[in-house]
Amino acid sequence: MSVDKETVKKIANLSRIAVTEAEADALVPELNNILGWVEQLSEVDCSKVEPMTAVIPNKLRLRDDVVTDGNIRDKVIANAPAAEHGFFGVPKVIE
Amino acid sequence: MSMTESTYRIQGGTGEWEVVIGLEVHAQITTNAKLFSGASTEFGAEPNTQVSLVDAAMPGMLPVLNKECVRQAVRTGLAIDAQINKYSRFDRKNYFYADLPQGYQISQLYHPIVGEGKIEISLDEKDPDAHGKTIGVERIHIEQDAGKLMHDQHPTMSYVDLNRCGVALMEIVSMPDMASPKEAAAYVRKLRSILRYVGSCDGNMEQGSMRADVNVSVRKPGDELGTRTETKNVNSLRYIQQVIEYEAQRQVDVIESGDEIVQETRLFDPDKNETRSMRSKEDAHDYRYFPDPDLLPLELEDDFIFDCKASLPELPDEKRARYKNVLGLSAYNAAVLTAEHETAIWFEELLETTDEPEKIASSAANWLTSELFGALNKMGLSIEKSPVSPQQAAELLGLIADGTISGKIAKQVFEIMLETGDGAAKIVEEKGLKQESDTGAIEKVIADVMAANKDKVAQYRGGKDKLFGFFVGQTMKAMQGKANPQVVNELLKKTLGPAG
């Protein structure tokens, strides 16, 4: 598996990361190196091994259905550059 | 089972077209707290007051799964005869939008909690069994809802309220088994009824606790499936039907003019009654799903599933069958009384006032669907808010059954009950509405009526048998409607003798 420049630019756009032409050119071989290295792992036959989802042998913890949080609006919007009337303000996005 | 509506067709220039419909219903799970945080889910709070730092996606915050969301999804799955997956997992669905601070929605793509199930729908309320169809459900998975954007509060900005962000949803994905707008509406109606019986979702479409993504494609009868479009977030039964009608016609027009249908996401505009392409979301389909590393797989124990099953109430289909077969109700009454859980609960409370419910079931059902529904409709009240309790209704029906009052007087008594909240027996006593069944008193009135209408008596005896109703009317009028109509009839027949 390998990526070309178009794919790199698309992924960058989907991730909202600004990438210049020069950076994209540099990223192509860099990413392909990583992909090539990961591909080596495919040489190991693990068709009979359960996929490992976590390194800690643990069970998913569940929470009771109780309200224990909230009412911290000031903290929630503290970093918002354009909060108004308790809302976050963002550039107008409309369909 | 046959279904006349499956013959729904679009008439195009090149002939008839079939419509194929699949629905993805998003149902908000009824819980106190959100899916992965301890913030409240209550509707209508001040903006951003029901937001935890987890919901706001502050760095380092970790999700912890709400057990009740799991329980309700499993109960819902069991209620539609679905496979429960003892192993399920959460995945990240990545996209950027201002209503989703995480930059991804936690959902279940690869291993949903509920697998294939089915829902029986009906197109004929009066005789549901005669016009039924089975609609397959492909899966149900659990996921997070997004926040809310408001576009009309500021000239250049959109406002973001994250109160809904992180609230638990079930996405219930149907098979493409529906073939007309009416079938789609019947499916949503039935699904809503089941969710409300189960208690896993309040089914409130106006508040957005239930909304549908509508998948529509068209094909010539017998052909392969056509390319589908998906119209997002449709929030009423009427709109769902309008979307299908509009989309089907649009697609036929596009294909017949020589173009192709593009698989895309569309938006419904109820004001213009049309769907529009959401071009800005083209990229959004590249969601780059991957397993959420913050959450371990969800593994369910047999005991947990067993307890979920045991906690289910009698569901609408079973209940409807029992009302018909055990209580002897008409197919129509059985369907109407079981469609909403609250109605069935009310009806059953009424039946609980007697040891022999089969005896009063039919008359109670008739009274409920005509008198009570009529009154509630007029007052704009739901049955839970009925000013007359099931026990009070039983008292009223008892007075009719034992002949104390006539059905006609019962209507009057019911009116007064609604106004005053008084019991039926008390009203009948105080207003002197008790029905007169004493033959002596009625005979006396009949004699008076006949004496005052000698000409009509002669006509009747001369063969004008239609006058019988006149004598009944006069007698009832003279007794202010309180005479037992059966006794009046019998006595009149005896006194007047045969007509002609």
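The values are calculated or read from the model by the stated rules, or taken from the named source; none is laboratory data. The structure presented is a predicted model; accordingly, all values stated were derived computationally and were not measured. Every residue, glycine among them, receives a Cβ derived from its backbone with ideal geometry; neighbour counts consider all protein chains shown. All accessible areas refer to the heavy atoms of the entire protein, side chains included, with ligands and DNA or RNA removed. Shrake-Rupley method; radii C 1.70, N 1.55, O 1.52, S 1.80 Å.
Considering only residues that are farther than 30 Å from B:Thr338 by Cα, out of contact with any Gly (no Cβ under 6 Å at 6 or more places or on another chain) and crowded, with 21+ Cβ neighbours inside 10 Å, which ones fall in segment B:197-225? Lay out the reasoning, then the answer.
Taking segment B:197-225 and keeping what is farther than 30 Å from B:Thr338 by Cα, we get B:216-225.
Then drop every residue that is not out of contact with any Gly (no Cβ under 6 Å at 6 or more places or on another chain), which leaves B:216, B:220-225.
Within segment B:197-225, B:Val216 is the sole residue that qualifies.
Could you tell me whether segment A:24-31 includes any residue that is out of contact with any helix residue (DSSP H, G or I) (no Cβ under 9 Å at 6 or more places or on another chain) and either among the charged types (D, E, K, R) or facing chain B (nearest Cβ under 10 Å) (or both)?
Looking only at segment A:24-31, we keep the residues that are out of contact with any helix residue (DSSP H, G or I) (no Cβ under 9 Å at 6 or more places or on another chain), and these are A:26, A:29-30.
Retained after the next criterion (residues that are either among the charged types (D, E, K, R) or facing chain B (nearest Cβ under 10 Å) (or both)): A:30.
Checking segment A:24-31: at least one residue is out of contact with any helix residue (DSSP H, G or I) (no Cβ under 9 Å at 6 or more places or on another chain) and either among the charged types (D, E, K, R) or facing chain B (nearest Cβ under 10 Å) (or both).
Based on what the data block shows, is A:Asn71 over 30 Å from B:Thr30 (Cβ atoms), touching a Ser or Thr at 6+ places or on another chain (Cβ under 7 Å), modelled with pLDDT of 90 or more and surrounded by 11 or more Cβ atoms within 10 Å (Cβ to Cβ)? Please lay out each step first, then the result.
Numbers: over 30 Å from B:Thr30 (Cβ atoms): no; touching a Ser or Thr at 6+ places or on another chain (Cβ under 7 Å): yes; modelled with pLDDT of 90 or more: yes; surrounded by 11 or more Cβ atoms within 10 Å (Cβ to Cβ): yes.
In short, no.
How do the pairs read when you match residues in segment B:142-168 that are at the interface with chain A (Cβ under 8 Å from one of its Cβ atoms) and in a strand (DSSP E or B) with residues anywhere that are of a type in the set (S, T, N, Q) and open to solvent by 10 Å² or more (accessible area, probe 1.4 Å), using Cβ under 9 Å and keeping only pairs 6 or more apart or on different chains?
B:Tyr159/B:Gln153
May I ask you to verify whether B:Val70 is open to solvent by 40 Å² or more (accessible area, probe 1.4 Å), of a type in the set (Val, Ile, Thr) and within 11 Å of chain A (Cβ to nearest Cβ)? Talk me through it step by step, then tell me what you get.
On the way: open to solvent by 40 Å² or more (accessible area, probe 1.4 Å): no; of a type in the set (Val, Ile, Thr): yes; within 11 Å of chain A (Cβ to nearest Cβ): yes.
So B:Val70 does not fit the description; no.
Which one of these does A:Met52 not meet: (1) under 26 Å from B:Asp286 (Cα atoms); (2) modelled with pLDDT of 95 or more; (3) within 14 Å of another protein chain (Cβ to nearest Cβ)?
(2)
Give the residue, chosen from B:Ala393, B:Ala425, that is in a helix (DSSP H, G or I), among the small types (Gly, Ala, Ser), open to solvent by 30 Å² or more (accessible area, probe 1.4 Å) and not assigned by TED's automatic domain parsing to the domain that holds B:Glu490. It would help to see each step written out before you state the result.
Working: B:Ala393 fails: open to solvent by 30 Å² or more (accessible area, probe 1.4 Å).
Checking each option against the conditions leaves just B:Ala425.
Consider segment B:349-381. How many of its residues are in contact with a Lys or Arg (Cβ under 9 Å, 6 or more places away or on another chain) and within 19 Å of B:Lys408 (Cβ to Cβ)?
Step one: of segment B:349-381, the residues in contact with a Lys or Arg (Cβ under 9 Å, 6 or more places away or on another chain) are B:371, B:376, B:379.
Adding the requirement that they be within 19 Å of B:Lys408 (Cβ to Cβ) leaves B:371.
Residues meeting the conditions: 1.
Against the condition touching a Pro at 6+ places or on another chain (Cβ under 9 Å), within 11 Å of chain A (Cβ to nearest Cβ) and either open to solvent by 10 Å² or more (accessible area, probe 1.4 Å) or within 30 Å of B:Ala331 (Cβ to Cβ) (or both), how does B:His111 come out, does it pass? Before the answer, list the steps.
Values: touching a Pro at 6+ places or on another chain (Cβ under 9 Å): yes; within 11 Å of chain A (Cβ to nearest Cβ): yes; either open to solvent by 10 Å² or more (accessible area, probe 1.4 Å) or within 30 Å of B:Ala331 (Cβ to Cβ) (or both): yes.
The answer is yes for B:His111.
May I ask you to say which residue of B:Ile261, B:Ile255 is touching a strand residue (DSSP E or B) at 6+ places or on another chain (Cβ under 9 Å) and either open to solvent by less than 30 Å² (accessible area, probe 1.4 Å) or part of a loop (DSSP other than H, G, I, E, B) (or both)? Walk me through it before giving the result.
Values: B:Ile255 fails: either open to solvent by less than 30 Å² (accessible area, probe 1.4 Å) or part of a loop (DSSP other than H, G, I, E, B) (or both).
Testing whether each residue is touching a strand residue (DSSP E or B) at 6+ places or on another chain (Cβ under 9 Å) and either open to solvent by less than 30 Å² (accessible area, probe 1.4 Å) or part of a loop (DSSP other than H, G, I, E, B) (or both) leaves just B:Ile261.
Looking only at segment B:32-65, count every residue that is at the interface with another protein chain (Cβ under 7 Å from one of its Cβ atoms), under 10 Å from B:Gly166 (Cα atoms) and among the aliphatic types (A, V, I, L, M) and tell me the total.
Going through segment B:32-65 one residue at a time, the tally reaches 4.
Under 8 Å between Cβ atoms, which residue pairs at least 6 apart in sequence (or on different chains) link something in segment A:13-24 that is within 13 Å of B:Tyr95 (Cα to Cα) with a partner that is open to solvent by 80 Å² or more (accessible area, probe 1.4 Å)?
Close Cβ pairs (under 8 Å, with a partner that is open to solvent by 80 Å² or more (accessible area, probe 1.4 Å)) amount to A:Leu14/B:Phe96; A:Arg16/B:Phe96.
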